[in-house]
1. With a 1.4 Å probe and all protein chains left in place, how much of the accessible area of the protein assembly as shown comes from carbon and sulfur atoms, in whole percent?
2. Check each of the trypsin sites (Lys or Arg not before Pro) in the range A:113-207 and keep only those in coil by DSSP with at most 10 other C-beta atoms within 10 angstrom; list them in order.
3. Less than 9 Å Cβ to Cβ from A:GLN390, Lys/Arg counted +1 and Asp/Glu -1: what total charge do the surrounding residues give?
4. List, largest first, the extents of the alpha carbons of the range A:106-217 along their principal axes, each in whole Å.
5. Compute the accessible area of each residue in the range B:276-294 twice, once for its chain alone and once with every protein chain present, using a 1.4 Å probe on heavy atoms, and list those whose area falls by at least 50 Å².
6. Each residue of the range B:294-299 in turn: what ³J(HN,Hα) in whole Hz from Karplus with 6.51, -1.76, 1.60 and θ = phi - 60°, glycine and Pro shown as x?
7. Taking +1 at the Cβ of each Lys and Arg and -1 at the Cβ of each Asp and Glu, which of B:LEU210, B:GLY186, B:GLN225 sits farthest along the dipole of the range B:172-246 towards its positive end, judged by Cα position relative to the Cα centre?
8. Over the range B:237-391, what lengths in whole Å, largest first, do the semi-axes of the equivalent ellipsoid take, defined as the square roots of 5 times the eigenvalues of the alpha-carbon gyration tensor?
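The values are calculated or read from the model by the stated rules, or taken from the named source; none is laboratory data. The structure presented is a predicted model; accordingly, all values stated were derived computationally and were not measured. Positions of Cβ are backbone-derived with ideal geometry, glycine not excepted, and every protein chain shown enters the neighbour counts. The accessibility values were calculated without ligands, DNA or RNA, using every heavy atom of the protein model including side chains. Shrake-Rupley method; radii C 1.70, N 1.55, O 1.52, S 1.80 Å.
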Amino acid sequence: MSEPSESSVRADVSGWLESNWDPDLGLNEWRNKLVDSGWGMPEWPTDWFGRDFSASLVRAVEQEFAKQGAIGVARGGIRLLAAATLLEHGSTAHKEQFLRRILTGEDNWCQLFSEPGSGSDLAGATTRADLDGDQWVVNGQKLWTTSAHHANWGLLLARTDWDAPKHEGLSYFVIDMRQPGVDVQPLAQMNGHASFNQVFFDDAVVERGHLIGEIGKGWQVAMTTLAHERRRADGLRSGYSDVGADIERVGRIYDEEQVETATVMEPYTWYPQRAGRVDLALSRALDSGRIEDPTVRQELAKLLILSSSAEWTARRARAAQQMGKPQGPEGSLGKLAASHVARAAARVHTLISGADAMLAGSDGAEDGIVAEILLSVPAVSIAGGTDEIQRNIIAERVLQMPKETRFDKGPFRDVPKNVSTRLAGENE
Amino acid sequence: MVWPPMVSAQFHFTEEQDQFRDMVRRFLVDTSPTTEVRRLMQTDAGYDAAVWQRLARELGLTGLTIEEKHGGAGFGMVDVCIAMEEMGRALLCAPFLASSVLAAHAIALVASEEDAGRLLPSIAAGEVIATLAITEPDGRPGVDAIALPAERTGDGFVLDGRKHFVLDGCSADVLLVAARSPGSTGSDGLSLFEVAPDAAGVTRRALTTLDPTRKQASIEFDGVQARLLGRVDEAGPGLVRTLDIAAIALANEMVGGAARLLEDTLAYTKIRMQFGRSIASFQAIKHRCAEMLLQVELAKSAAYYAAEAMDAESDEATYLASLAKAGASEAYLHTAIEAIQLHGGIGFTFDQDTHLWFKRAKSSEVMFGDPAWHRERMMQALIVKERASSEAQMGQPA
Ligand SMILES: Cc1cc2nc3c(=O)[nH]c(=O)nc-3n(C[C@H](O)[C@H](O)[C@H](O)COP(=O)(O)OP(=O)(O)OC[C@H]3O[C@@H](n4cnc5c(N)ncnc54)[C@H](O)[C@@H]3O)c2cc1C
């Protein structure tokens, strides 16, 4: 099936926007329209609110939106990971129930994978789900759950069979976060934010139909979620450009979007800083005059080499994928590259700041942004799979090196485990 | 802010380019195994004339980017870089970089149409080996460092001084010499001259190189009559471009070498047994190999992108050439160091092949400017651009 040409797509989408886009609409009303039109998520399948477009056509669509200052579907948080997982493993009923409200922003999602005893070793989850009549009953604890305090749905990995080997006793559920059996406690982070949480399940319930995939096949479903998460961390900038930056953002819809940004998107305000804010590095060096220092120039150059090479590597991976070529090694490297970039950026920001790098808040450089960079970068090489785990994956899957020796075979019941702990929360 | 520079890059090779790569790779597997590399590195010429002829006749590589009207194939920078990458993998010993890249581009960019028509066809055919003598004994890279004076005499020019680090300088049939009008500085006052190696006053001496797979010479010019190519004092921009092209080509050669080292090292770790298991099963080794892969792929991306930018005649080509050269230099050397380490004691022997690439990595790191020099150069290019764009913005009504 051949794709439409880019120029015809641009004409179609801009025509559609001219007759439909209206900044005085409500955010929800507009996004529902978008979902029905297929222009909100053109990379999705035609059966589910999309148009099966390739990345380059999607980019064209996004640019047309930006030109008119039109707001897109909700994309923040892990909602698109949830959607990708449901598109691949969910039933028609799941897709009908969840996909639209993911895109309109009415529902918010969190990822309930990591636990106190199992982070890198996700398959070691000990949160349990037991079938009781028409529902699953969940008990246990999840940790580091970003946005659990805003979420009404959670992607839950839980153990349903203790006698099967580790990876074969897990199942994957969608759990309603707004119920008495779910207790969400925010956790303070080293950078002062509290975007992740600990989540306690005490006889929480999952309706029987909210099992995703088959019983005991939860690991495969979780791998889909993780694959999308790691791909997203590959350093590619989002397709959104600032073409429409000069458009005056006035109207009811923009106000409602601002509210969304200030509430459910609040946990992510520091995410650009954790990636290192490479965009700020050059302008800070120029504006402060620190560019006159040859050491600053050297380190800045190293950073720019690293970050542009990482971006071009991601583009190579994307181009190969678009051409239907077998995925080369470049596709698995993005997350590890992002850690290197973030660390190099933190080093450059420190160099530029000099003594000011000791200060934070309004005393700190760039009104505290630099301090936030320095204190947020350590998360990049942990969240979403640590650097060590990425290196294991690259070595084993790409370089075909031998797998790690395992001590966790046999029935999960007999595998050595951690003793569970409760962390002091934000308020303690 | 325009960053990173965007050129209309494809980020992939065409099917024809993939086939071209396969063809070059197969040819080099046959003609440049390490037994040949070891044989040739002991010779004075440092290359095999018969293989060079086949490279010219069967593959058309010697004239790859030379225009068709001058007997070449008229291909672009991306294609040269594919060839260079493969040559780097195979550690080919041949005057390709000197003759088909440096000299061919210097002539095409600086010489008159008439001189190009006279010189390029025999270079394209592989019949004549030319080289560019640009760097001097102080070793400073870039055209600003060219000091050798060209004195005007009656109807010609006379060269006096020394060129050093001349690639394949002892085997070249034609010497292209970059020289300066007395009193000029920077990229002004530069001219390109043609000198026959047997002209009166030319003395060539082979330099003892750390990397024996690439030959270099020191050439003394003592009152040598030289033939001007192109216009007097106007060679600067063409030479800058030539060096950018050479840096990009070399960056691609380096990533080819680095990728090969990684592959060979990986294969070795899988068969070497210690403590009852292959050393590839140790996590310390797995993680280092994963990092090597990352470094190699990042450097590849920059080297490929710079080649595409050169073909697109991007005005960011200088910035990108330096970026690619600095990135590839670090990645190649890092890979070479790791490769020796992961081979253990055998890696330090002369009989094992890793050191051949290690030496190429070391000399390539410094050739045409070391990574620190290129990082400085890319920053200066960026600063000029940023200042220009902020001045342009300030000039605009708010
Ligand atoms: C900001 C942030 C947000 C997060 N958000 C979420 C979320 O929304 N949902 C969620 O489920 N999780 C989330 N996480 C959790 C994250 O995925 C885990 O922290 C991470 O996978 C590491 O697990 P761990 O913390 O248990 O560390 P551990 O697994 O205990 O690791 C400790 C150290 O041991 C190393 N290590 C572990 N195994 C190996 C091995 N096989 N080989 C070599 N080294 C090894 C690790 O690399 C690390 O250096 C978040 C984490 C952070 C920092």
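1. Answer for the protein assembly as shown: carbon and sulfur cover 51 percent of the accessible area.
2. Counting only loop positions with at most 10 other Cβ atoms within 10 Å, the trypsin sites (Lys or Arg not before Pro) in the range A:113-207 are A:ARG178.
3. Computed value for this residue: +1.
4. Principal extents (Cα only, largest first): 41, 30, 22 Å.
5. B:LYS286, B:HIS287, B:ALA290, B:GLU291, B:LEU293, B:LEU294
6. Each residue of the range B:294-299 in turn: 4, 4, 5, 5, 4, 5 Hz.
7. In the range B:172-246, that residue is B:LEU210.
8. That gives 35, 15, 12 Å for the three semi-axes.
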